[in-house]
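The block underneath contains the structure these notes are about, expressed in structure tokens.
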Amino acid sequence: MMKLITLLTDFGLQDGYPGIMKGVIWSIAPDVQIADLTHEIPPQDVLSGAQALGRAAPYFPAGTIHVGVVDPGVGTARRPIAARLGGSYFVGPDNGLFTMLANRTQAMGEQTVVVKLERSEYWLSEVSNTFQGRDIFAPVGAHLANGTALEALGPPVRDPVMLTLPKPGAIEGGWEGQVTHVDHFGNLATNLNLSYLDPLSVKEIRVGGKVINGLRNTFGEGQPGELLAFIDSSGSLSMGVVNGNAAQRLELGAGAPVVVLVSDRFVAG
Amino acid sequence: MMKLITLLTDFGLQDGYPGIMKGVIWSIAPDVQIADLTHEIPPQDVLSGAQALGRAAPYFPAGTIHVGVVDPGVGTARRPIAARLGGSYFVGPDNGLFTMLANRTQAMGEQTVVVKLERSEYWLSEVSNTFQGRDIFAPVGAHLANGTALEALGPPVRDPVMLTLPKPGAIEGGWEGQVTHVDHFGNLATNLNLSYLDPLSVKEIRVGGKVINGLRNTFGEGQPGELLAFIDSSGSLSMGVVNGNAAQRLELGAGAPVVVLVSDRFVAG
Amino acid sequence: MMKLITLLTDFGLQDGYPGIMKGVIWSIAPDVQIADLTHEIPPQDVLSGAQALGRAAPYFPAGTIHVGVVDPGVGTARRPIAARLGGSYFVGPDNGLFTMLANRTQAMGEQTVVVKLERSEYWLSEVSNTFQGRDIFAPVGAHLANGTALEALGPPVRDPVMLTLPKPGAIEGGWEGQVTHVDHFGNLATNLNLSYLDPLSVKEIRVGGKVINGLRNTFGEGQPGELLAFIDSSGSLSMGVVNGNAAQRLELGAGAPVVVLVSDRFVAG
């Protein structure tokens with residue numbers, strides 16, 4: 001079976017940087033298959049990158065190596081790391097980019113092992129201060145695909161950087177959460193997921209000065225132009241406009257507060 | 001020989017949704033090769049998606065599986081389908097997205113067989129109401145690549161949805177057609193193709209208040225900034241500006257009327 | 001080992017043109033691996049394309065075939081060419097797009113052999129005047145991947161078109177160069193590379209009315225919002241804003257002048 005490497009960066013597509021990383025990978029591991037997750041993470045937005053990696057990684061087969069580069073600290077003392085998370089791998093900067101992967105691994109009762117990348121024989125021979133995706137992370141990912149043991153790459157890291165994610169808070173009659181992601185369609189995803197909400201209990205959603213009554217199963221149940229709420233494909237409460245763009249309509253983005261009121265028998269506490 | 005799957009969606013590239021579909025496909029069919037056709041179909045624009053698929057599919061080898069997801073009806077009663085079109089395959093929503101492929105198959109005297117996707121053992125174990133590209137279409141495409149028979153996926157569909165495409169009409173001295181596609185360069189493609197026009201007969205093109213005299217073979221025959229008409233790489237009458245953008249210059253888009261006057265001996269009727 | 005083909009164009013991603021080229025390639029050479037370098041070269045900007053190809057190609061393994069299509073002269077008398085540059089290949093229009101590859105090959109003491117594409121049995125059977133990326137360059141790249149000899153494709157070309165690149169000039173106390181590339185992050189790269197500058201010698205950079213004192217190793221050494229200068233991952237003097245966009249801040253683009261003053265003992269002459 002072919003080995004898989006995924007790439008997630010904030011490099012954009014215009015300059016060819018992701019293509020360069022593929023050249024480096026295929027120079028070391030010629031038979032690996034490479035999937036772009038996205039290269040359009042907003043520049044330096046580590047949290048957005050961590051969320052995108054968290055959405056995508058569970059759908060890749062065991063053994064997949066995820067190379068992630070959203071790296072405001074490139075070239076500074078921040079550590080380059082690699083990690084084995086259950087059956088898959090992460091390679092990138094130690095800035096929390098793999099937080100969702102590590103959380104999910106823990107939730108599944110599997111082990112996360114992190115090492116600091118120190119063994120430069122697994123890197124390109126020259127390492128720049130500004131493009132370690134090319135010089136360190138891509139080659140390390142390729143060597144992992146070739147069978148190099150994680151432990152060979154450098155010493156253990158006991159305290160990898162983890163992002164602190166905003167959590168919903170209980171309020172009278174329900175929950176207050178936040179918008180965590182605006183997607184290409186303008187849908188507003190939140191941190192109010194199925195561990196907080198029973199979909200049948202949701203009475204009312206308040207967001208951006210609007211009130212939405214209950215949940216729909218899907219867009220097709222609403223009228224064109226209607227603002228509605230639903231459980232999205234990641235299991236999170238989301239708001240969207242049928243054939244439209246909720247983020248533009250409500251002029252909201254990540255961080256915006258969202259209040260959900262639920263039926264009495266489901267009230268928090 | 002490797003099996004090929006293509007992906008065409010309106011998902012954009014920022015959120016990683018196409019990457020997720022690749023993870024699903026490679027989890028089921030590890031050795032398949034995957035090509036992105038485009039993920040920048042305007043949101044919910046089924047006609048644009050059908051045209052893009054119609055432009056691209058003929059250039060792929062026999063046996064290629066085209067997974068197309070432009071799906072305003074996701075999660076509603078609209079049927080998920082798969083089709084064998086001569087030697088290739090389509091998987092996606094039953095909303096007309098495969099219209100050009102079906103028309104072409106018919107024109108070549110080959111058979112189109114359509115089934116409704118009902119056999120959930122070929123899907124992911126959990127199916128969301130909003131991302132069936134991940135949960136149904138990608139896994140079905142992967143199973144087809146693995147050799148699953150089309151007929152095993154569900155019962156026959158006799159009445160798949162087909163788009164009605166605007167056709168040119170004969171007018172005195174020529175034809176009136178429509179702009180059907182504005183490409184990245186701002187070129188305006190029309191539904192006036194070689195079945196309506198003999199290139200040698202074209203005297204005059206009227207579009208957006210401008211008059212163009214005859215056809216050129218290619219851009220390089222004009223002056224920078226000149227508006228000219230030509231037969232494009234799909235065999236359709238198109239208008240473009242040399243080193244410029246005709247759509248911006250003329251402030252026109254899909255649907256705009258285009259009149260072509262032809263030499264006497266070629267007049268319709 | 002799999003053969004590699006890279007694609008670099010100004011086609012954008014919306015219309016599916018790069019996907020069509022992949023279909024053509026895989027129809028001829030089913031087992032080749034394909035990497036997109038970029039499809040977002042500004043329309044008809046041959047110099048930008050040549051620079052992007054020059055940045056990326058050195059990181060691909062020997063034998064890689066680079067298909068490049070930025071081609072304002074498509075369909076005119078400009079020649080279609082293929083070239084062997086040391087151990088790798090270029091296929092595209094004869095308009096200078098491979099200038100950086102040819103310069104690098106010469107600098108490494110290796111040979112460049114160029115042929116004019118004339119043998120149409122290696123093309124698609126129908127050739128359009130506007131999409132030779134699909135009809136000529138993609139199929140020729142695929143045939144090279146299948147082992148067809150370069151010399152079989154057509155007669156030698158002794159005078160391929162080469163771009164003349166702006167070079168820095170010596171001034172009193174230093175050098176005056178130009179911005180050559182603005183990347184996705186808004187960083188401004190210049191033609192002042194390590195063959196002109198010893199990083200330790202740089203005293204002052206003047207660009208867009210601003211003065212920058214000396215070089216930093218990387219962004220993390222500056223404060224958020226600070227304009228700084230550094231040697232980028234291609235070995236060129238670049239200016240950037242920490243967590244910001246230097247091109248927007250300075251309202252500068254390619255061609256803008258940049259003056260560097262160096263320590264006495266390094267002054268030119």
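Some observations on this one:
- Members of region A:7-22 that are touching a residue at least 12 places away in the same chain (Cβ under 8 Å) and more than 18 Å from A:D45 (Cβ to Cβ): A:I20, A:M21, A:K22
- Checked against the criteria, C:A254 counts as closer than 14 Å to C:D183 by Cβ, surrounded by 15 or more Cβ atoms within 10 Å (Cβ to Cβ), touching a residue at least 12 places away in the same chain (Cβ under 8 Å) and not hydroxyl-bearing (S, T, Y).
- Within region C:257-269, considering residues that are modelled with pLDDT under 95 and on the phi < 0 side of the Ramachandran plot, the one most open to solvent (accessible area, probe 1.4 Å): C:R265
- Residue satisfying condition, being at pLDDT 95 or above, out of contact with any Phe, Trp or Tyr (no Cβ under 8 Å at 6 or more places or on another chain), within 11 Å of chain C (Cβ to nearest Cβ) and open to solvent by 30 Å² or more (accessible area, probe 1.4 Å), within set A:D15, A:D36, A:D31: A:D36
- Top-ranked residue in region A:48-74 [being within 14 Å of chain C (Cβ to nearest Cβ) and free of Cβ contacts under 8 Å to residues at least 40 places away in the same chain; ranked as nearest to A:V115 (Cα to Cα)]: A:G73
- Condition check for C:Y89: free of Cβ contacts under 8 Å to residues at least 24 places away in the same chain, open to solvent by 10 Å² or more (accessible area, probe 1.4 Å), more than 9 Å from chain B (Cβ to nearest Cβ) and under 29 Å from B:I5 (Cβ atoms): no
- For region C:122-133, residues that are surrounded by 15 or more Cβ atoms within 10 Å (Cβ to Cβ), farther than 12 Å from C:V74 by Cα and of a type outside the set (A, V, I, L, M, F, W, C) total 1.
- Only a single item in (1) within 14 Å of chain B (Cβ to nearest Cβ); (2) closer than 20 Å to C:A145 by Cβ; (3) open to solvent by 30 Å² or more (accessible area, probe 1.4 Å) is not met by C:M21, and it is number (3).
- Which numbered condition A:A77 fails, given (1) modelled with pLDDT of 95 or more; (2) surrounded by fewer than 21 Cβ atoms within 10 Å (Cβ to Cβ); (3) more than 7 Å from every other protein chain (Cβ to nearest Cβ): (1)
- Of the strands (runs of 3 or more DSSP E) lying entirely inside region C:190-269, those carrying at least 2 residues that are closer than 20 Å to A:F11 by Cβ and not acidic (D, E) are C:227-231, C:236-241.
- Among the residues of region A:177-236, those that are aromatic (F, W, Y) and modelled with pLDDT of 90 or more comprise A:F185, A:Y196, A:F230.
- Filtered residue count, region A:95-121, keeping only those that are open to solvent by 40 Å² or more (accessible area, probe 1.4 Å), outside any strand (DSSP E or B) and within 15 Å of A:A82 (Cβ to Cβ): 5
- Condition met for C:I41 (touching an Asp or Glu at 6+ places or on another chain (Cβ under 9 Å), assigned to a strand (DSSP E or B) and more than 9 Å from chain B (Cβ to nearest Cβ)): no
- Any hit, region B:45-59, residues being open to solvent by less than 30 Å² (accessible area, probe 1.4 Å), aliphatic (A, V, I, L, M) and closer than 18 Å to B:Y122 by Cβ: no
- Of the candidates B:G214, B:G253, the single residue that is touching a Lys or Arg at 6+ places or on another chain (Cβ under 7 Å) and under 25 Å from C:Q44 (Cβ atoms) is B:G214.
- For region A:122-133, taking the residues that are touching a helix residue (DSSP H, G or I) at 6+ places or on another chain (Cβ under 8 Å) and part of a helix (DSSP H, G or I), the one that is farthest from A:V157 (Cα to Cα) is identified as A:G133.
- Scanning region B:223-246 for residues that are more than 20 Å from B:P168 (Cα to Cα), open to solvent by less than 20 Å² (accessible area, probe 1.4 Å) and touching a residue at least 60 places away in the same chain (Cβ under 8 Å) returns a single hit, B:A246.
- Residue in region C:140-161 that is more than 30 Å from C:I28 (Cα to Cα), hydrophobic (A, V, I, L, M, F, W, C) and in contact with an Asp or Glu (Cβ under 9 Å, 6 or more places away or on another chain) present: no
- Scanning region C:112-130 for residues that are modelled with pLDDT of 95 or more and either acidic (D, E) or out of contact with any Gly (no Cβ under 6 Å at 6 or more places or on another chain) (or both) gives C:T112, C:V113, C:V114, C:E118, C:S120, C:E121, C:Y122, C:W123, C:L124, C:S125.
- Filtered residues of region A:166-222 (kept if charged (D, E, K, R) and open to solvent by 30 Å² or more (accessible area, probe 1.4 Å)): A:K167, A:E172, A:E176, A:D198, A:K203, A:E204, A:R206, A:K210, A:R216, A:E221
- Test for A:L13: is it assigned to a strand (DSSP E or B) and under 30 Å from C:V70 (Cβ atoms): no
The values are calculated or read from the model by the stated rules, or taken from the named source; none is laboratory data. Bear in mind the structure is a predicted one, so any value in this text is a computation, not a measurement. Because the Cβ atoms are built from the backbone with ideal geometry, glycine has one as well, and the counts that use them run over all protein chains shown. What goes into the accessible areas is simple: the full protein's heavy atoms, side chains included, and nothing from ligands, DNA or RNA. Shrake-Rupley method; radii C 1.70, N 1.55, O 1.52, S 1.80 Å.
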